[in-house]
Amino acid sequence: MIYDDDPALYDLQYAAYRDDIPFYLRLADELGGPVLELGAGTGRVTEALARAGHQVVAVDVSAAMLGRAEERLGDLDGLEFVLADMRSLDLGREFPLVLAPFNTLMHAYLVADQDRVLAAVRGHLAAGGTFAFDVFQPHLGPLGVMRREPTWAELGAGAELFLVQHHDPEAQLVESLYYLDERRPDGTLRRRQARLVQRYFNRYELERALAQAGFGTVRLFGGFDKSRLLASSPMIVALARP
């Protein structure tokens, strides 16, 4: 998986992604902290929250990703890093806000996994607390063929990123294979590879899973601007309360 194999590549790919930051910052400002963040990864959202003055408990199951987050953000105050599986998380604490940003729930591949994650979230929410998350809706490009991804400046000169995607509609799985080609000073080519598997949701199974986990108020949107959720929306953004 890209998370364990190459967290630096993950950082390069998403260095410029900030679409979700204002949304989660507003929630943290409104609800207060500390904030429990699931799937914190290398700390992209974590950093934004901490620099805005929020205390954050950042949880991830990947030691490589969490280690990179600690390395990057170790000088910031109010951060606690926890290496743990979100399916069995038990911190013995409650939070006014629990976040699972940037497709974190898409790594709960089985129905039983999804139920365990949502039960863990419910168990960590304070009275009146909010669970917020986003997952993408599958509007995929060409499948089974290698396509060149736009080159970000952060990749450096002589570097190119390629992507091959496969889709299993019965299992609702999308597999993404990344290939980063880097030209060395001696003219030789170095190729780095990483794999990502994500399980997507439709809105009604998501609503049903949240209701079963004890969330009585669920609002689903088609974007961080809280636009109406449509089949054509690029993502599902959710706010859920017990």
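Here 197, 218 are screened, and the one residue that is in a strand (DSSP E or B), β-branched (Val, Ile, Thr), open to solvent by less than 40 Å² (accessible area, probe 1.4 Å) and in contact with a strand residue (DSSP E or B) (Cβ under 9 Å, 6 or more places away or on another chain) is 197.
crowded, with 21+ Cβ neighbours inside 10 Å and either over 20 Å from residue 237 (Cα atoms) or out of contact with any strand residue (DSSP E or B) (no Cβ under 6 Å at 6 or more places or on another chain) (or both), is that true of residue 42? Before the answer, list the steps.
Working: crowded, with 21+ Cβ neighbours inside 10 Å: yes; either over 20 Å from residue 237 (Cα atoms) or out of contact with any strand residue (DSSP E or B) (no Cβ under 6 Å at 6 or more places or on another chain) (or both): yes.
Spelling it out, residue 42 is indeed crowded, with 21+ Cβ neighbours inside 10 Å and either over 20 Å from residue 237 (Cα atoms) or out of contact with any strand residue (DSSP E or B) (no Cβ under 6 Å at 6 or more places or on another chain) (or both).
Which is over 19 Å from the mean Cα position of the chain (by Cα), open to solvent by 20 Å² or more (accessible area, probe 1.4 Å) and either modelled with pLDDT of 95 or more or of a type in the set (S, T, N, Q) (or both), of 92, 74? Of the residues listed, the single one that is over 19 Å from the mean Cα position of the chain (by Cα), open to solvent by 20 Å² or more (accessible area, probe 1.4 Å) and either modelled with pLDDT of 95 or more or of a type in the set (S, T, N, Q) (or both) is 92.
Consider segment 216-227. How many of its residues are touching a helix residue (DSSP H, G or I) at 6+ places or on another chain (Cβ under 7 Å) and not β-branched (Val, Ile, Thr)? Lay out the reasoning, then the answer.
Initial filter on segment 216-227 (touching a helix residue (DSSP H, G or I) at 6+ places or on another chain (Cβ under 7 Å)): 218, 220, 224.
Filter once more, keeping what is not β-branched (Val, Ile, Thr): 220, 224.
The total comes to 2.
In summary, residue 9 fulfils each of the numbered conditions (1) modelled with pLDDT of 95 or more; (2) in contact with a helix residue (DSSP H, G or I) (Cβ under 8 Å, 6 or more places away or on another chain); (3) open to solvent by less than 20 Å² (accessible area, probe 1.4 Å) with the single exception of condition (1). Entry remark, segment 45-68: residues being of a type outside the set (Gly, Ala, Ser), part of a helix (DSSP H, G or I) and open to solvent by 10 Å² or more (accessible area, probe 1.4 Å) number 3 in total.
The values are calculated or read from the model by the stated rules, or taken from the named source; none is laboratory data. What you see is a predicted model, and the numbers here were worked out from it, not measured in a lab. With ideal geometry, Cβ positions are generated from the backbone for all residues, glycine too; neighbour counts draw on all protein chains shown. Side chains included, ligands, DNA and RNA excluded: accessible areas come from the protein's heavy atoms. Shrake-Rupley method; radii C 1.70, N 1.55, O 1.52, S 1.80 Å.
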